[in-house]
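Peer 1: Pasting in a structure now, in structure tokens, and then I'll have a few things to ask.
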């Protein structure tokens, strides 16, 4: 049989966990496919196609997809026909709040099959601040293949003060 103290501690812990999950869920402003991609074995120009997303009663929240642009993606220093990719992007915080970002993407082969994923995080980005991010999918890729790198999700949350 559980003691009254252990039962009380279990209830308090459950309330704390539920409160933390609830608070975290309310911080996210938007989550969308980003629409930015690079195609090729080397770095080539990408294109961005984003629709405006306005949320909130005051219509002032900017779309976080517009904050991130893929600037370069290529196989870096290949050895014996294979190598790891090097992905670079530019992030500009267009919101009015200091923000944390999660940037997710994928690498597709010439047939359109996803062969690798990548993620990166940037924290405490001030309004208007520009950050140059670098990441990799950490998968060995064939140098001769014609890959497409694309950002699939940008999640922006308010930084804690």
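Bear in mind these aren't lab numbers, they're just calculated from the coordinates by the rules spelled out. For clarity, every value in this text was computed on a predicted model and none was experimentally measured. Positions of Cβ are backbone-derived with ideal geometry, glycine not excepted, and every protein chain shown enters the neighbour counts.
Peer 1: Using the beta-carbon distance between residue 100 and residue 146 and R0 = 35 Å, what value does 1/(1 + (r/R0)^6) give for FRET efficiency, to the nearest 0.05?
Peer 2: That pair, residue 100 with residue 146, gives E of 0.55.
Peer 1: For residue 80 and residue 132, compute 0.36 nm times the residue count separating them, minus their Cα-Cα distance, and round to one decimal in nm.
Peer 2: 15.7 nm
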